[in-house]
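Participant: Dumping the structure here so I can ask a few things about it.
The values are calculated or read from the model by the stated rules, or taken from the named source; none is laboratory data. All figures in this text were calculated on a predicted structure; none of them were measured in a lab. In this analysis, Cβ positions are derived from the backbone assuming ideal geometry, glycine residues included, and neighbour counts consider all displayed protein chains. Protein only, heavy atoms only, side chains kept; ligands, DNA and RNA dropped before computing areas. Shrake-Rupley method; radii C 1.70, N 1.55, O 1.52, S 1.80 Å.
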Amino acid sequence: MRSIIGLDEFRSARRSLFGTVGLVPTMGYLHEGHLSLIRRAKAECESVILTIFVNPTQFGANEDLSKYPRDLERDLALIAPLGVDLVWMPTAEEMYPAGYQTWVEVEALTKGLEGAMRPSHFKGVTTIVAKLFNAAQAQKAYFGQKDAQQAAVIRQMVRDLNFPLEVVVCPIVREADGLALSSRNKYLEGADRSAAVVLFRALSAAQELYEAGERDAEKLRMRVKAVLETEPRAQLQYVSCADFETLEELELVKGKTLLSIAVFIGKTRLIDNFILG
Ligand code: PAF
């Protein structure tokens, strides 16, 4: 495993990789969810590139970039046994040099859900992901289903900009009690940690209703809300029952559907989702 910081060195190391190349973009502070992406890439590709970059442009003015958890030494130790070929950890100065002014923006898909709560977030995500795609020249790129809207937005960008690459979206990895793994779970302490399981309970309750035959999207959203209201530490930001591809809110659930939520548990903002149908 070779760790690289500079873009030129990364490009020349990339040229020495053979076969199908899989790219796993991350912001570090790795957990089992990231490791599952690396294992999948390793199983499907001859060579694997991991990137670790806490991308400043996807953080809003009110979101504390400096507080985003980082532990590079731990990250490198965690991935050491997994057979990653290259780890690229670019600097913000090289990714966004003085005078930087080019952005990649996906339109309609980024307006709702996370995009409505975090207005400039996806512009930062698509811009950095496009830059990583350009530099890595991978044939496959791996993302987690936990960030469901991000996955949909990146699929759209790949289609629209004709990136010659397949986007592979891997299932959410959960703790034993159902809490979806996230680097932000680190902020959940004491009672907040046990309260956080309410996201999984709320989505599961709506899924049960769906499996019992309910197709009225509002009734599914109401079921999620009702369960969340049983937890005093939980503050719902949004619940959505939307078409899986367009992310448009549904009245009636027909095909593949994304049931997604954003909830504050104390001061920690968590997102989670289930796929129905
Ligand atoms: O999902 C993430 O960790 C980030 O949004 C990504 C895709 C690495 C871009 O910075």
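Participant: Could you list all residues from the range 249-264 that are in contact with a strand residue (DSSP E or B) (Cβ under 6 Å, 6 or more places away or on another chain) and either open to solvent by 90 Å² or more (accessible area, probe 1.4 Å) or part of a strand (DSSP E or B) (or both)?
Facilitator: Across the range 249-264, the qualifying residues are GLU249, THR257, LEU258, LEU259, SER260, ILE261, ALA262, VAL263, PHE264.
Matching residues to (1) among the hydrophobic types (A, V, I, L, M, F, W, C); (2) touching a strand residue (DSSP E or B) at 6+ places or on another chain (Cβ under 8 Å); (3) not in a helix (DSSP H, G or I):
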site: THR57; (1), (2), (3): no, no, no
site: PRO69; (1), (2), (3): no, no, yes
site: ALA80; (1), (2), (3): yes, no, no
site: GLU93; (1), (2), (3): no, no, no
site: GLY99; (1), (2), (3): no, no, yes
site: GLU105; (1), (2), (3): no, no, yes
site: TYR142; (1), (2), (3): no, yes, yes
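Participant: Which ones in the range 182-196 are within 21 Å of the chain's Cα centre (by Cα) and either surrounded by fewer than 18 Cβ atoms within 10 Å (Cβ to Cβ) or not in a loop (DSSP other than H, G, I, E, B) (or both)?
Facilitator: Going residue by residue through the range 182-196, those that are within 21 Å of the chain's Cα centre (by Cα) are 182-188, 193, 196.
If the condition is that a residue be within 21 Å of the chain's Cα centre (by Cα) and either surrounded by fewer than 18 Cβ atoms within 10 Å (Cβ to Cβ) or not in a loop (DSSP other than H, G, I, E, B) (or both), then SER183, ARG184, ASN185, LYS186, TYR187, ARG193 are the ones that fit.
Participant: Related question: Taking the residues in the range 211-236 that are in contact with a helix residue (DSSP H, G or I) (Cβ under 6 Å, 6 or more places away or on another chain) and not acidic (Asp, Glu) as candidates, determine which candidate is surrounded by the most Cβ atoms within 10 Å (Cβ to Cβ).
Facilitator: Narrowing the range 211-236 to residues in contact with a helix residue (DSSP H, G or I) (Cβ under 6 Å, 6 or more places away or on another chain): 220, 223-224, 227-228, 231, 233-234, 236.
When the remaining residues are screened for being not acidic (Asp, Glu), the result is 220, 223-224, 227-228, 233-234, 236.
Working: LEU220: 25, ARG223: 23, VAL224: 27, VAL227: 19, LEU228: 20, ARG233: 15, ALA234: 21, LEU236: 16.
Out of the qualifying residues, it is VAL224.
Participant: Continuing with this model, one more query. Would you mention how many residues in the range 1-40 are surrounded by 17 or more Cβ atoms within 10 Å (Cβ to Cβ) and aromatic (Phe, Trp, Tyr)?
Facilitator: Within the range 1-40, residues that are surrounded by 17 or more Cβ atoms within 10 Å (Cβ to Cβ) and aromatic (Phe, Trp, Tyr) number 2.
Participant: So PHE163 fits all but one of (1) part of a strand (DSSP E or B); (2) within 23 Å of ALA13 (Cα to Cα); what number is the exception?
Facilitator: (1)
Participant: Still on this structure, please answer the following. Tally the residues that are open to solvent by 40 Å² or more (accessible area, probe 1.4 Å), within 15 Å of the ligand (Cβ to nearest atom) and of a type in the set (A, V, I, L, M), restricting the search to the range 41-71.
Facilitator: 1
Participant: Okay, next question. Being open to solvent by 60 Å² or more (accessible area, probe 1.4 Å) and closer than 22 Å to LEU247 by Cα is the filter here; which residues of the range 120-146 pass it? Show your work before the answer.
Facilitator: Quick first cut of the range 120-146, residues open to solvent by 60 Å² or more (accessible area, probe 1.4 Å) only: 123, 134, 137, 139.
LYS123, the sole residue that qualifies.
Participant: With respect to LEU109, determine if the residue is more than 22 Å from VAL87 (Cβ to Cβ), surrounded by 18 or more Cβ atoms within 10 Å (Cβ to Cβ) and away from the ligand (no atom under 16 Å from the Cβ).
Facilitator: no
Participant: While we're on this one: Kindly indicate whether any position in the range 116-124 is within 13 Å of the ligand (Cβ to nearest atom), under 26 Å from VAL87 (Cβ atoms) and touching a Pro at 6+ places or on another chain (Cβ under 8 Å).
Facilitator: Yes, the range 116-124 contains at least one residue that is within 13 Å of the ligand (Cβ to nearest atom), under 26 Å from VAL87 (Cβ atoms) and touching a Pro at 6+ places or on another chain (Cβ under 8 Å).
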